[in-house]
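These notes are about the structure you will find just below.
Any read-out appearing in this document is the output of simple, stated calculations on the displayed coordinates, not a laboratory observation. Computed from a predicted structure; not experimentally measured. All Cβ positions, glycine included, derive from the backbone under ideal geometry; neighbour counts span all protein chains shown.
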Amino acid sequence: MNPKTFLETAHPETLAIRTGQLPTDEQSHSEPIFCTSSFIFKSAEEAAGRFSGEIPGNIYARFTNPTVRVFEERLASLEQGEACVATASGMAAILTTALAFLQAGDELVASKSLFGTTLVLFEKYLKKFGVIVHLVAQNDQSAWKKAVNQRTKLLFIETPSNPLNEIADIAFLSDLAHSVSAKLVVDNCFCTPVLQQPLLLGADLVIHSATKYLDGQGRSIGGAIVGSQSLIKEAHQVIRTCGPSMSPFNAWIALKGLETLPLRMIKHSENAQALAEWLECQPSIKKVFYAGLTSHPQYALAQKQQVNGSGILSFEVEGGRSAAWSIVNNVNMISITANLGDTKSTITHPATTTHGRLSAEDKQAAGITEGLLRISVGLEHIEDMKRDLTIAFQQAFKG
Ligand SMILES: *Cc1c(COP(=O)(O)O)cnc(C)c1O
């Protein structure tokens, strides 16, 4: 049996480590980094054949690089997609998707609860090129139905949402998209393919910020798009022409990150679940937002489409901004940074950082209150996280 055939029926833990392994003449065991901008041809005939596509092989690293290809193949196998194209960042993946599948006059329907920069891309830049953008509430199915029409080309969601863990029904939205021949795009950054595989639920394209859990250790920026052979070919043409390519070094970091992704996602979720349950029992905590809690209004849907709650939770404290800031300022270990999906736990105050650009009204509508804090739960020992927060709570709520 050849090794590729063997892997066809392998488990995700195995695919994360073995897919796309690159045999080289040097017989290196770890995947080599091909730090080269171009590739040589043996003859004029071969050069012509590579450029015309008749002879497969590398040409130029803006659109062909073996290290980048390992990352792409590995991520595609985990998402159970036919193909993948890597991009310079998560934002580059979203921009590439827009350039490939939208033109002036087309309509895009997106959730209001998207990553802030994604909303700016849609509302400031896509609108500038004549794309009509409709934003609807993540969970309002009738609003989605009303917003979709024959000119709709893409539906775009992120589930669970940041920071409130709202769940979008992927199967429902993919049926809705297909009813008007549109495509459903799912940003799968929070769950990763280990916990949720949107393509199997009917989505057409999956977006990743490799910067988050895929790397998982906060070392580099990257992104990817996964989907069918024909859709990814379109996206790859955009990368080739417009240039938001992933560097081989960043691809290497991300592909090594993928090797431990299954283990990490299980542990991130286990820690987040324990921390969420503990937070629910602490005084001065008004509410905990985490899809793994039975108190979550969409707990049943979350159980249906994702394996567990993933590693991001948020909670609202009594005392508004001053109490929330006091907690942030009194943690000893948890990092104050807007990044997420890192082995290191991080804490942010969304109302004045990630969601600071929203108007007071929009914050209110989105549930981003002044007392809300988000934690990306890392892989430190759970008792140390609780201890860190207990000390910070004592400072914030003393007297
Ligand atoms: C961070 C993030 C992005 C953007 O990714 P970058 O790699 O920072 O460009 C997109 N979507 C979600 C959900 C994110 O968290």
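Taken about its Cα centre, the stretch 215-316 carries a charge dipole of roughly 220 debye when the Cβ of each Lys and Arg holds +1 and the Cβ of each Asp and Glu holds -1.
The loop-placed trypsin sites (Lys or Arg not before Pro) in the stretch 44-108, going by DSSP, include none that has at most 12 neighbouring Cβ atoms within 10 Å of its Cβ. For the chain, the relative contact order works out to 16 percent when only alpha carbon pairs closer than 8 Å and six or more residues apart are counted.
Distances between every pair of Cα atoms in the stretch 191-306, grouped in 10 Å steps from 0 to the bin holding the largest one, split as 12, 32, 33, 17, 6, 1 percent.
Neighbours of S181 by Cβ distance under 13 Å: Lys/Arg scored +1, Asp/Glu scored -1, total -1. Each of P244, Q217, T152 was placed along the dipole of the stretch 132-246 (beta-carbon charges, centred on the mean Cα), and the one lying farthest toward the positive end is P244. Highest GNM mean-square fluctuation among K127, K256, K112, for the chain modelled with Cα contacts below 10 Å: K127. Computed from the Cβ-Cβ distance with R0 of 35 Å, the FRET efficiency linking T117 to F6 stands at 0.30. Using a cutoff of 8 angstrom between alpha carbon atoms and counting only pairs six or more residues apart, the relative contact order for the stretch 270-399 works out to 28 percent.
Rounded to the nearest 20 debye, the dipole size of the chain about its Cα centre is 740 debye, using +1 on the Cβ of Lys and Arg and -1 on the Cβ of Asp and Glu. With contacts taken as Cα pairs under 8 Å at a separation of at least 6 residues, the stretch 331-370 carries a relative contact order of 29 percent. The region of the chain that goes longest without hitting one of the GluC sites (Glu not before Pro) in a DSSP loop, each with at most 12 other Cβ atoms within 10 Å, is 55-399. With 0.36 nm allotted per residue and the present C-alpha distance subtracted, the K145-A360 stretch has 74.6 nm of extension available.
Taking P283, P297, P56 as the candidate residues, the one with maximal mean-square fluctuation in a Gaussian network model of the chain, Cα springs under 10 Å, is P56.
The alpha carbon radius of gyration of the chain, expressed as a multiple of 2.2 N^0.38 Å, is 1.02.
Near T24, once Lys and Arg are set to +1 and Asp and Glu to -1 for all other residues with Cβ below 14 Å from its Cβ, the sum equals -2. Each Lys or Arg adds one and each Asp or Glu subtracts one; over the other residues with Cβ under 13 Å from the Cβ of T352, this totals +3. For the residue pairs K112/K304; K212/K363; K212/K233; K256/K304, the C-alpha atoms sit more than 28 angstrom apart in K256/K304.
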